[in-house]
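The values are calculated or read from the model by the stated rules, or taken from the named source; none is laboratory data. All figures in this text were calculated on a predicted structure; none of them were measured in a lab. When we count neighbours, we look across all protein chains shown, and the Cβ atoms used for this are built from the backbone with ideal geometry, even at glycine.
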Amino acid sequence: MTRLFTTFEVAKLLGIHHQTVLDHIKRGSLKAIMMDGKYFIRADDVEKLREVVEKSVSERLKELAARRNISQLYKLCAEGRFEEIVRLLNLTEKPSSPSNCFSIVNKVMKQKINKT
């Protein structure tokens, strides 16, 4: 017989808040069985949720890393250090102004985020 976990156990196993587990159940992204007014989740469904949570965390980390890089690149643009922007982003042309530089940085970073 498959082991059943409570929503609190799932939350603890995955390092997420109990309410997040309930939200996944309510949205239908996590299957659960209700018995005696409590939700129970099968082990294989816990693993499916683990994959979703890990992917979500990974995407957030990538986004945060990209934002950090963008802010550093923005600073270079604002300071007029266009040669460094060209080198860091492997551009063929040097930006013509800070605003042009900001646009280029946004475009390149969006492409990098979408590739990963």
Being surrounded by 11 or more Cβ atoms within 10 Å (Cβ to Cβ), modelled with pLDDT under 85 and touching an Asp or Glu at 6+ places or on another chain (Cβ under 8 Å), is that true of even one residue in the stretch 90-100? no
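I'd like to check something: does the stretch 48-70 contain any residue that is touching a residue at least 40 places away in the same chain (Cβ under 8 Å), farther than 29 Å from Asp23 by Cα and either surrounded by 11 or more Cβ atoms within 10 Å (Cβ to Cβ) or over 20 Å from the mean Cα position of the chain (by Cα) (or both)? Give the steps one after another, and end with the answer.
At the first step, the residues of the stretch 48-70 found to be touching a residue at least 40 places away in the same chain (Cβ under 8 Å) are 62-63, 66, 69.
Next, from what is left, pick out any that are farther than 29 Å from Asp23 by Cα: 69.
From the residues that got through so far, the ones that are either surrounded by 11 or more Cβ atoms within 10 Å (Cβ to Cβ) or over 20 Å from the mean Cα position of the chain (by Cα) (or both) too are 69.
Yes.
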I need every pair where a residue in the stretch 94-105 that is at negative phi has its Cβ under 6 Å from the Cβ of a residue that is assigned to a loop (DSSP other than H, G, I, E, B), sequence separation at least 6 or different chains. Cys101/Pro95; Ile104/Pro95
Failed condition for Lys75, given (1) exposed (fewer than 11 other Cβ atoms within 10 Å of the Cβ); (2) more than 30 Å from Ser96 (Cα to Cα); (3) more than 19 Å from the chain's Cα centre (by Cα): (2)
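Per-residue answers, yes or no, for (1) over 25 Å from Phe5 (Cβ atoms); (2) among the small types (Gly, Ala, Ser); (3) not in a helix (DSSP H, G or I):
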position: Ser29; (1), (2), (3): no, yes, yes
position: Leu49; (1), (2), (3): no, no, no
position: Glu63; (1), (2), (3): yes, no, no
position: Ala66; (1), (2), (3): yes, yes, no
Can you spot a residue in the stretch 107-116 that is farther than 30 Å from His18 by Cα, over 21 Å from the mean Cα position of the chain (by Cα) and not in a loop (DSSP other than H, G, I, E, B)? no
